[in-house]
Amino acid sequence: MKGTDGEETIKRALELGAKPLSQKKAREALQCLKPFSNWIEIITCEGVMGASEAKAESVTPIIVGPTISKVTTANDTKAAASEMCDLGVDIILFVGGDGTARDIYQVVSTNVPVLGVPSGVKMHSSVFALNPRKAIDLVVKFLRGEIGLTKAEIVDVDEEEYREGRLKTRLYGYVSVPSDRIYVQTVKTPSPTTIDEREDQAAIAKYVIEEMEDDVLYIIGPGTTPKAISEELGLSSSLLGVDLIFNKKLLAKDVNENIILNELKKRVGRIIVTPIGGQGFIFGRGNQQISHEVIKKVGIQNITIISTPGKLSKLEHNHFFVDTGDQILDNEFRRYVRVIIGYRLEAVMKIY
């Protein structure tokens with residue numbers, strides 16, 4: 001769905017089989033926070049905005065904020081953040097994506113430090129920790145006075161444009177986040193549109209196509225570099241979605257996780273992805289359709305990473321990240337990998 005802004009969009013996403021991840025990510029963060037519960041006081045909202053997850057993890061919080069229905073709204077988020085500011089909390093830790101970050105920014109600005117546990121569809125902002133575990137590491141370091149604060153961009157995209165394959169971003173403002181460039185993701189940056197970049201993408205596409213096997217399902221992730229593969233084959237693919245190619249023909253365009261899993265029941269699969277510009281994520285940002293279930297079905301040995309040299313040179317960190325939502329799988333990824341960077345040219349990168 002390219003995002004979950006608005007009640008109708010959420011309803012439609014659930015009908016299509018979307019699985020809410022915020023509760024799972026919140027519980028993972030709370031598990032990591034429990035060892036420090038003797039000196040950290042947790043303030044949250046009732047029900048699905050925090051209290052239910054705290055109860056499930058045997059954490060006793062202070063309950064504030066509005067009365068919550070089964071479906072929360074942006075106004076609930078803003079009301080909760082406003083009350084937390086009035087109470088003088090040291091930091092607001094939220095679970096969500098760019099939309100949630102934008103709602104909180106509109107209330108707190110830089111008055112109270114914030115930090116995001118990544119759980120959205122869109123996470124272009126630089127306010128998010130790499131994953132729930134790193135978020136708690138940052139919170140604890142900050143509360144102990146071991147690290148300071150820095151400004152982070154709040155960026156969001158126009159979802160309607162996004163669904164039409166056009167990426168339009170807007171900078172809303174800045175918030176204060178714990179200062180640690182290793183544990184906090186950078187803002188997403190667009191791919192260059194230079195002639196050299198296009199030539200490198202075409203060279204990568206030629207190499208990938210030469211290596212394609214018959215009767216194998218190729219799961220092609222979003223981005224301009226993967227799209228070059230389809231263009232080289234003369235196929236009309238999506239730019240921001242996940243496409244399926246079989247025997248060098250387009251089998252399905254802009255698919256969801258369920259479609260991918262159903263196709264993998266019929267045939268062997270391979271995954272081709274490119275890192276998110278600036279951030280370096282190969283899974284967990286912008287390609288959540290390629291879920292941990294899909295990756296396990298395909299096997300990490302059957303994943304091809306492609307990137308132009310220009311994109312690699314502009315990564316904030318000199319390595320890749322994964323955030324599949326499965327900690328065991330994430331740990332399996334932490335190794336050196338080959339990256340196709342041109343025609344029969346490869347580089348070696350580390351997944352952190």
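Read the figures in this text as sums done on the coordinates, not as results from a lab. Remember, predicted model here, so these are calculated numbers, not experimental data. Because the Cβ atoms are built from the backbone with ideal geometry, glycine has one as well, and the counts that use them run over all protein chains shown.
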field: Rounded to the nearest 20 debye, dipole of the range 195-350 from Cβ charges on Lys, Arg, Asp, Glu
entry: 180
- prompt: How big, in percent, is the set of alpha carbon pairs in the range 53-195 lying more than 22 Å apart?
  reply: 41
- prompt: In the chain, with Lys and Arg counted as +1 and Asp and Glu as -1 at Cβ, which of these residues, Leu93, Tyr183, Asn331, has the Cα nearest the positive end of the dipole, that is, farthest along it?
  reply: Asn331
- prompt: On the first, second and third principal axes, largest extent first, how far apart are the outermost C-alpha atoms of the range 300-346 in Å?
  reply: 33, 25, 14
task: Would you compute, for the Cα atoms of the range 92-139, the largest minus smallest coordinate along each principal axis and list the three values in descending order, in whole Å?
output: 26, 23, 14
statement: FRET efficiency for Glu199 and Thr73 from the Cβ-Cβ distance with R0 = 41 Å, rounded to 0.05, comes out at 0.30
Radius, Kirkwood style, for the chain when every pair of distinct Cα atoms is counted (Å): 21.0
- request: Could you tell me the distance between the Cα centroids of the range 219-251 and the range 314-335, to the nearest Å?
  value: 24
task: Find the percent of Cα-Cα distances in the range 195-350 that exceed 23 Å, and round it to a whole number.
output: 30
task: Quote to one decimal, in nm, the extra length available between Lys265 and Arg344 on full extension: 0.36 nm per residue of separation minus the C-alpha distance between them.
output: 25.3 nm
- prompt: Expressed as an acute angle from 0 to 90° and rounded to the nearest 10, what is the orientation of the C-alpha long axis of helix 132-143 relative to the principal long axis of the chain?
  reply: 40
Least to most buried among Leu143, Leu138 (fewest other Cβ within 10 Å first): Leu143, Leu138
query: What does the convex hull of the Cα atoms of the range 65-130 come to per residue, in Å³, rounded to a whole number?
result: 80
query: Using modelled amide H (1.01 Å from N, peptide plane; none on Pro or chain starts), what sits under 5 Å from the amide H of Gly96, excluding residues fewer than 5 places away?
result: Val117, Ser119, Gly120
query: Would you list Thr73, Thr304, Thr274 from fewest to most Cβ contacts within 10 Å?
result: Thr73, Thr304, Thr274
